[in-house]
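Data first, discussion second: the structure below is written as structure tokens.
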Amino acid sequence: MSVSRVVPFFFFAAVLTPGIARSQSRLEARLSNFRHCLDGFSECDHQLLDHGQQAAVRVAAAERNFRECFEGFSDCNEAALTSDQRLTVSRVVRARNLQNCAEGIGECRQALLTPSERNQVAQAAHVRNWVGCLGGVAECDRTQLTAEERKQADAAAYGANLDNCLEGTGECDSSRLSAQEKRQVQRAAFDRSLDDCLNDSESCNVERLMQAGGGNTATVAASRTVPKVSDR
């Protein structure tokens, strides 16, 4: 290849390369802007879009708005929905509201409920309160219970208190116990203390054991001398 042919080649390459780079940079910028517009980002410059891109951006914005409305987000623009979309969103909103009301969580808009749904919600609230009363939770409203439900709630609370006393856990109101139940609680406390001492547990308290055993020092002394199974 002659020198006369090589020189023009490098000359034109040097002249064209910066132009190609600028053109490629502008193309990448337009594509980046197009993506921003499709995603609804604030960086979108609609003036840089061609007609095809503008149409695609409008479709993406409509689909995004429909999702916002469908999920109940505050960015929803109901005016931009089609009639079919408004019908779908209305059904979803009512179903979600009914679930919130029935479960007693989230926002409950009574105005969206039908008379039948209000009855369902009221019944669900009653059952939820009754279960709370049976479980002894603070949210229990006894005024909402029937006479039979109050009896059941009282029986559940009595049983829970007795269990606490027998197991030595939680709150124990011994004043609610019968004489026989108090003896059972005392025996259970003695057995727990005896086990602690027999097993050389750090929880062993001889004084408490004597109190639980009614001051029976012979029993307490025996508990300190009985060898453990592992020592035999």
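The values are calculated or read from the model by the stated rules, or taken from the named source; none is laboratory data. Given the structure is predicted, the values throughout are model-derived calculations rather than measurements. Neighbour counts are summed over all protein chains in view; Cβ atoms, including those assigned to glycine, are modelled from backbone coordinates with ideal geometry.
Total residues in segment 68-115 satisfying the condition of being part of a helix (DSSP H, G or I) and among the aromatic types (Phe, Trp, Tyr): the figure is 1. Take the residues in segment 164-175 that are in contact with a Cys (Cβ under 9 Å, 6 or more places away or on another chain) and in a helix (DSSP H, G or I); name whichever of them is surrounded by the fewest Cβ atoms within 10 Å (Cβ to Cβ). Residue satisfying both the conditions and the ranking: Ser174.
For (1) farther than 25 Å from Arg109 by Cβ; (2) modelled with pLDDT under 85; (3) under 33 Å from the mean Cα position of the chain (by Cα), each residue gets a yes or a no:
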| residue | (1), (2), (3) |
| --- | --- |
| Leu31 | yes, no, no |
| Gln53 | yes, no, no |
| Val57 | yes, no, no |
| Ala62 | yes, no, yes |
| Asn65 | no, no, yes |
| Glu68 | no, no, yes |
| Phe73 | no, no, yes |
| Thr82 | no, no, no |
| Val92 | no, no, yes |
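Annotation note: of Val206, Val226, the sole residue that is among the β-branched types (Val, Ile, Thr), modelled with pLDDT under 90, surrounded by 13 or more Cβ atoms within 10 Å (Cβ to Cβ) and more than 18 Å from Ala155 (Cα to Cα) is Val206.
Being part of a helix (DSSP H, G or I), in contact with a helix residue (DSSP H, G or I) (Cβ under 9 Å, 6 or more places away or on another chain), more than 30 Å from Asp195 (Cβ to Cβ) and outside the structural domain of Gly106 (by TED's automatic domain parsing) is a description that does not apply to Glu139.
Of the residues Gly52, Gly132, the single one that is assigned to a helix (DSSP H, G or I) and in the same structural domain as Asn164 (by TED's automatic domain parsing) is Gly132.
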